[in-house]
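Trainee: Have a look at this one.
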Amino acid sequence: MSATRMRFLSPRNLRLVHRAPRDFLGACSGRQPGGPSCSTSLTSPHSVSSHMCRALSSLTSSRRGLPKEKMSENGISRPKVLTLDTMNPTVKMVEYAVRGPIVQRAVELERELSEGIEKPFAEVIKANIGDAHAMGQQPITFFRQVLALCSYPELLNDNTFPEDAKNRARRILQSCGGSSLGAYSPSQGIDSVRQDVANYIERRDGGVPCDPENIYLTTGASDGIVTMLKLLVCGQGIDRTGVMISIPQYPLYSAALAELGAVQINYYLDEENCWSMDINELQRAVNEARQHCHPRALCIINPGNPTGQVQSRQCIEDVIRFAAKERLFLMADEVYQDNVYAEGCQFHSFKKVLFEMGPEYSETVELASFHSTSKCYMGECGFRGGYMEVINMDDDVKFQLTKLVSVRLCAPVPGQALMDLVVNPPQPGEPSYNSFIKERTATLSALAEKAKLTEQILNTVPGIRCNPVQGAMYSFPRITIPQKAIQEALEKGQQPDMFYCMKMLEETGICLVPGSGFGQREGTYHFRMTILPPIDKLKILLNKVKEFHQKFTQQYS
Amino acid sequence: TAEVEANAVVWGSGQTHLMTGVKKPYTELIDVTWGDPQGAGLKPLTFARQVLAACLYPKLLNNERLPADVRQRAEGLLHECHGGSVGSYTDLPGIPQVARQISEFISRRDGGVPSDPDHILISPGGGGGGVRSGVLTPQPSYSLSVMSVVGLGGVPVPYQLWEEQGWEVQVEELNRALEAAEGECDPVALYVINPGNPSGHVQRRKSIQDVIKFASEKRLFLLADEVYQDCIYKENIEFLSYKRVLAEMGPPFCDTVELASFHSASKGLLGECGFRGGYVELVNMDPAVMKHVFTIFSKDNAPTPGQIALSVMASPPQPGDPSYPLYRTVNNVRKVHEVLNSLPGVSSHPVEGGAFAFPRIDLPPKAIQKAKDLGMEPDIFYCLRLLEDAGLFFTPGCEYGQKDGTYHVRYAKKRFHVEYKDLNTKIKQYYFSLAGFAS
């Protein structure tokens, strides 16, 4: 380990205490006595419409029949402590399109349908969120069996459960406090699970060693990503941390950066070349960013979300060289690592490539890789299972990281148990092996089929151009929106693709996310649609989209 | 705070250092540091785990060895999960049935004060709401709450809880703290924890009213951490929630004081710390702000097993249900005998609630000196010796904050797989051996 190797993520460069945290309480700007007055009446009924702007429940309308006065006794309405003006301004900038306004409208429509209100569609199809089970994907039987056994160990006496599931369950429970999933685990995660994760990574990466001490079990990958971003953000003014993110990107990144008050540095993926990364574009972005901030990190999602591109090995090497040269901390979001469909595409982990590039890089480039139980063939989003591996992190910073994760106590233990199964699935010869392989193959090949189908059908529509869906779970086709529609959208104060998607929702019941939620080149429009619905439903969906697009184009020509 | 953090870290590394298989004069480490009931040997609620297992592996819905109410509950929950699977994301604020059950639970608990399910957000663990600016925080207090405030860029403004006054919140002290903060930061919130950690004090109605009035007058957002509300041990004491007291105070307070109350499935009867299930109820929050709160929460799905635990917590088996008889027997919780109090040099207020006791230890001057020579806090030294020599794992009071010159230890009151006799004997033996060391 060379003495000249300098860590750019050293304790000197970071502060855990920084200015713009996630919160819903007031900013330091001083309270305004003349702030917005309480707008709710004491007798407001409970509203059943959308989450937003609900009437507040009245604390005086208890069954004891306390008097229901409209205002306080002296008739003056009292301004709140916590208002839009006094709350943390960065929180107001946070948007998360995947569950944003269009989804809220979709939920409303679902409610209206269930109340019998007539619509031009029989059901709302939520093709907005990467939630496989919600769309009918089946969980892996073995995983659920083991988790059930761990939850209710009495079932270890039940002979309908296979022996290998029971053995796994016993092993997991043994490593839990009090032999229970309900006890806290160490903050970094259950030791034996971290060991299993390390073994998995070593096998996956052809023997590149993995130290379990570098593994942190997290609440989904999002938790790990946000934690790392918290560590990275510091400085003021021109020294403020800048974080490079791909455009289009998964909006967790932009939301987290907004909340943390970091500078978002956009680098565009190349739509003409199947959304690949272009080093020249990375260079342009970082050069320009240096004029107003201090770039410290580069985030990559591979396979990509929303774009689905699977980076080539060469590309990954180029990115690593770039990061080394520009002194950037690499964040590799690899949650879709098993979701690779296209011929000639293969998943290459950043870590493996890094180590194969030799000590000049493998001993210096700082990297955090993220994985999760939510995607791939498991689709277990609800468990919030995940891990991150940190490579070449400064020891003092690692100490701070360990301290930081201890504040949230621990990641959910059922999720940790599930992650253990993902990295340590049934082996050949074990009773559950055959059915496990069968289920996994079926799920992944169905996804591959749907990826192909999506690309095919959408490309038959004039005005829609869909890049091959090489991996992940989404298509991100480009749509041509007629000028008249753009005009109407702007008049309504809406992004044109939001306008388009809202119309599609109202007319077909299909819920997609407009490209503006992910970022796109100026003047281009897209939407993101998952490939998750069962294939028959997907065909119907794609054809409805086709119909709608043609009608919409016609209507606004 | 930096010192507290440093001590916590020393302590933390002390913990790991000792797990290395070195030969010791004891065979088992008795860990009373965590408020982790199941880690300490508490068996989880059968009903809760049966429901969870059936939700995880729905084939069990046809298994007649599971009681009917279990299967019904699981079926109901699965019905409200997308795709009928607990593996899906849940919408805000969580599985609808669970949010409803929680609001009904709150209302029952609070003698009928209504609770709107739309103002309940289910979160991973009862930690919740970050803060910026100044937050009044109690001292002594659970270090992680202070660390959360610090880690989020906030400034903790400590207000003392005086041992001589039974660890009760004193309004004059709140005033003093607020005044001391002038110029340092802009206090925007008041954090209270009831029942207390580590003190175990349970606030009475008048005290809660005084705090509410103070918050109202000084325009502070109230954060009420009530995760130990089901841990009340003293007879004739009732847990009163901040929400209930606020509602029963009538206008103007009930419609104006802004409050966030936190609860969790980690403590009490459920003790499901590992599931990370908690919720926050928002009262009198500006609707426009609430919209942003929902956006923040929308990025952070609460884990489904945690939501299932909350469902059972909010809506446990009822008389007449097949699982009720078994559920009923769990309420028989063994209490720790306050043997520490019978030792010379140890004193403690009667523990009313919460999960811990926080007795004061009068350390012999020689022990204090020895600690200082080693460059560590005397109570850390004491706890390290207790650990090394007797295999007893307590936490030192300096981690929570204590009056200068006083020393405390915190220990969890419930031990389930260790005979109290053994624990008490060991403590006695050790104490006297320490006295021997000191003389």
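Trainee: Which of the residues spanning segment A:484-535 are of a type outside the set (Gly, Ala, Ser), in contact (Cβ under 8 Å) with a residue 60 or more places away in the chain and part of a helix (DSSP H, G or I)?
Mentor: Kept after step one, since they are of a type outside the set (Gly, Ala, Ser), are these residues of segment A:484-535: A:484, A:486-488, A:490-492, A:494-508, A:510-514, A:518, A:520-522, A:524-535.
Checking the rest, the ones that are also in contact (Cβ under 8 Å) with a residue 60 or more places away in the chain come to A:484, A:488, A:498, A:501-502, A:505-508, A:510-514, A:518, A:520-521, A:524, A:526, A:528-535.
Scanning segment A:484-535 gives A:484, A:488, A:498, A:501, A:502, A:505, A:506, A:507, A:508, A:535.
Trainee: Kindly establish whether residue B:190 is more than 14 Å from chain A (Cβ to nearest Cβ), touching a Leu at 6+ places or on another chain (Cβ under 9 Å), within 22 Å of residue A:82 (Cβ to Cβ) and at pLDDT 85 or above. Please lay out each step first, then the result.
Mentor: Working: more than 14 Å from chain A (Cβ to nearest Cβ): no; touching a Leu at 6+ places or on another chain (Cβ under 9 Å): yes; within 22 Å of residue A:82 (Cβ to Cβ): yes; at pLDDT 85 or above: yes.
Considered against the rule, which asks whether it is more than 14 Å from chain A (Cβ to nearest Cβ), touching a Leu at 6+ places or on another chain (Cβ under 9 Å), within 22 Å of residue A:82 (Cβ to Cβ) and at pLDDT 85 or above, residue B:190 comes out as no.
Trainee: Same structure again: When you scan segment B:198-257 for helices (runs of 4 or more DSSP H) that lie fully inside it, which ones turn up with 2 or more residues that are in the same structural domain as residue B:270 (by the TED database), β-branched (Val, Ile, Thr) and at pLDDT 90 or above?
Mentor: B:205-218
Trainee: Checking the condition open to solvent by 50 Å² or more (accessible area, probe 1.4 Å) and outside the structural domain of residue B:360 (by the TED database), which residue from B:163, B:173, B:182 passes?
Mentor: On the way: B:163 fails: open to solvent by 50 Å² or more (accessible area, probe 1.4 Å); B:173 fails: open to solvent by 50 Å² or more (accessible area, probe 1.4 Å).
Answer to the check: B:182.
Trainee: Return the total of residues in segment B:289-306 being in contact with a strand residue (DSSP E or B) (Cβ under 6 Å, 6 or more places away or on another chain), in a helix (DSSP H, G or I) and more than 7 Å from chain A (Cβ to nearest Cβ). Before the answer, list the steps.
Mentor: Applying the first criterion (in contact with a strand residue (DSSP E or B) (Cβ under 6 Å, 6 or more places away or on another chain)) to segment B:289-306 yields B:289, B:297, B:302.
Now drop any that are not in a helix (DSSP H, G or I), which leaves B:289, B:297.
Going one step further and asking which of them are more than 7 Å from chain A (Cβ to nearest Cβ), we end up with B:297.
Total meeting the criteria: 1.
Trainee: Among (1) assigned to a helix (DSSP H, G or I); (2) within 29 Å of residue A:359 (Cβ to Cβ), where does residue A:206 come up short?
Mentor: All conditions are met except number (1).
Trainee: What's the number of the condition residue A:451 fails, among (1) outside any helix (DSSP H, G or I); (2) closer than 30 Å to residue A:423 by Cβ; (3) not charged (D, E, K, R)?
Mentor: Failing condition for residue A:451: (1).
Trainee: Tell me which of these residue B:233 doesn't satisfy, since it passes every other one: (1) in contact (Cβ under 8 Å) with a residue 60 or more places away in the chain; (2) farther than 20 Å from residue B:268 by Cβ; (3) open to solvent by 10 Å² or more (accessible area, probe 1.4 Å).
Mentor: (2)
Trainee: Looking at segment A:384-396 only, could you name the residues that are over 14 Å from the mean Cα position of the chain (by Cα) and either farther than 23 Å from residue A:202 by Cβ or not aliphatic (A, V, I, L, M) (or both)?
Mentor: Hits for segment A:384-396 are A:389, A:392, A:394, A:395, A:396.
Trainee: In addition: If you go through segment A:285-314, how many residues are under 22 Å from residue A:362 (Cβ atoms) and either surrounded by fewer than 18 Cβ atoms within 10 Å (Cβ to Cβ) or more than 23 Å from the chain's Cα centre (by Cα) (or both)?
Mentor: Residues that pass the stated criteria total 3.
Trainee: Applying the selection to segment A:170-196, what residues are in contact (Cβ under 8 Å) with a residue 24 or more places away in the chain and part of a loop (DSSP other than H, G, I, E, B)?
Mentor: Selection gives A:176, A:181, A:182, A:183, A:184, A:185, A:186, A:187, A:188, A:189, A:190.
Trainee: Going by what's in this entry, would residue A:281 be described as of a type in the set (Asp, Glu), surrounded by fewer than 21 Cβ atoms within 10 Å (Cβ to Cβ) and not in a strand (DSSP E or B)? Quick ask: steps written out before the conclusion?
Mentor: Details: of a type in the set (Asp, Glu): yes; surrounded by fewer than 21 Cβ atoms within 10 Å (Cβ to Cβ): yes; not in a strand (DSSP E or B): yes.
When the stated conditions are applied, residue A:281 passes them.
Trainee: Let me ask another. Return the only residue of A:368, A:332, A:324, A:342 being modelled with pLDDT under 95, over 30 Å from residue A:148 (Cα atoms), touching a helix residue (DSSP H, G or I) at 6+ places or on another chain (Cβ under 9 Å) and in the same structural domain as residue A:248 (by TED's automatic domain parsing). Before the answer, list the steps.
Mentor: Details: A:368 fails: modelled with pLDDT under 95; A:332 fails: modelled with pLDDT under 95; A:324 fails: modelled with pLDDT under 95.
The unique qualifying residue is A:342.
Trainee: Would you mind telling me which numbered condition in (1) assigned to a helix (DSSP H, G or I); (2) open to solvent by less than 10 Å² (accessible area, probe 1.4 Å); (3) over 21 Å from residue A:298 (Cα atoms) residue A:379 fails?
Mentor: It is condition (1) that residue A:379 fails.
Trainee: When residues of segment B:74-108 are filtered for being open to solvent by less than 50 Å² (accessible area, probe 1.4 Å) and part of a helix (DSSP H, G or I), how many remain?
Mentor: 14
Trainee: Here is a check on your reading of the model: is residue A:470 within 24 Å of the chain's Cα centre (by Cα) and crowded, with 21+ Cβ neighbours inside 10 Å?
Mentor: On the way: within 24 Å of the chain's Cα centre (by Cα): yes; crowded, with 21+ Cβ neighbours inside 10 Å: yes.
Yes: the conditions hold for residue A:470.
Trainee: Here's a follow-up. Before we move on, is residue B:112 within 9 Å of another protein chain (Cβ to nearest Cβ), at positive phi and not in a helix (DSSP H, G or I)? Working first, answer last.
Mentor: Values: within 9 Å of another protein chain (Cβ to nearest Cβ): yes; at positive phi: yes; not in a helix (DSSP H, G or I): yes.
Yes: the conditions hold for residue B:112.
Trainee: Okay, next question. Output the residues belonging to segment A:233-284 that are among the charged types (D, E, K, R) and more than 19 Å from the chain's Cα centre (by Cα).
Mentor: If the condition is that a residue be among the charged types (D, E, K, R) and more than 19 Å from the chain's Cα centre (by Cα), then A:239, A:240, A:270, A:271, A:272, A:278, A:281, A:284 are the ones that fit.
Trainee: Within segment A:382-404, how many residues are closer than 30 Å to residue A:447 by Cα and either in a helix (DSSP H, G or I) or open to solvent by 10 Å² or more (accessible area, probe 1.4 Å) (or both)? Reasoning before the result, please.
Mentor: Initially, segment A:382-404 is screened for residues closer than 30 Å to residue A:447 by Cα, giving A:382-389.
Still in the list and also either in a helix (DSSP H, G or I) or open to solvent by 10 Å² or more (accessible area, probe 1.4 Å) (or both): A:382-384.
Residues in segment A:382-404 being closer than 30 Å to residue A:447 by Cα and either in a helix (DSSP H, G or I) or open to solvent by 10 Å² or more (accessible area, probe 1.4 Å) (or both): 3 in total.
Trainee: So, one more: Which condition from (1) within 12 Å of another protein chain (Cβ to nearest Cβ); (2) over 14 Å from residue B:89 (Cβ atoms); (3) among the aliphatic types (A, V, I, L, M); (4) touching a Leu at 6+ places or on another chain (Cβ under 8 Å) is the one that residue A:102 breaks?
Mentor: (1)
Trainee: Quick check: is even one residue across segment A:142-152 surrounded by fewer than 23 Cβ atoms within 10 Å (Cβ to Cβ) and either within 11 Å of another protein chain (Cβ to nearest Cβ) or touching a strand residue (DSSP E or B) at 6+ places or on another chain (Cβ under 7 Å) (or both)? First the steps, then the outcome.
Mentor: Residues of segment A:142-152 surrounded by fewer than 23 Cβ atoms within 10 Å (Cβ to Cβ): none.
Within segment A:142-152, none of the residues are surrounded by fewer than 23 Cβ atoms within 10 Å (Cβ to Cβ) and either within 11 Å of another protein chain (Cβ to nearest Cβ) or touching a strand residue (DSSP E or B) at 6+ places or on another chain (Cβ under 7 Å) (or both).
Trainee: A further question on this structure: Return the pairs, sorted by first residue and then second, in which the second residue is in a loop (DSSP other than H, G, I, E, B) and of a type in the set (Val, Ile, Thr), the first residue lies in segment B:236-256 and is farther than 18 Å from residue B:221 by Cα and more than 8 Å from chain A (Cβ to nearest Cβ), the beta carbons are less than 7 Å apart, and the residues are 6+ apart or on different chains.
Mentor: From segment B:236-256, the pairs are B:237/B:202; B:239/B:202.
Trainee: Same structure again: Within segment A:215-234, can one find any residue that is more than 13 Å from every other protein chain (Cβ to nearest Cβ) and open to solvent by 10 Å² or more (accessible area, probe 1.4 Å)?
Mentor: No, segment A:215-234 contains no residue that is more than 13 Å from every other protein chain (Cβ to nearest Cβ) and open to solvent by 10 Å² or more (accessible area, probe 1.4 Å).
The values are calculated or read from the model by the stated rules, or taken from the named source; none is laboratory data. Worth saying up front: this structure is predicted, and the values here are computed from it rather than measured. Note that we place each Cβ from the backbone using ideal geometry, even for glycine, and neighbour counts take in every protein chain shown. Side chains are part of the model used for accessible areas, which takes the heavy atoms of the whole protein and leaves out ligands, DNA and RNA. Shrake-Rupley method; radii C 1.70, N 1.55, O 1.52, S 1.80 Å.
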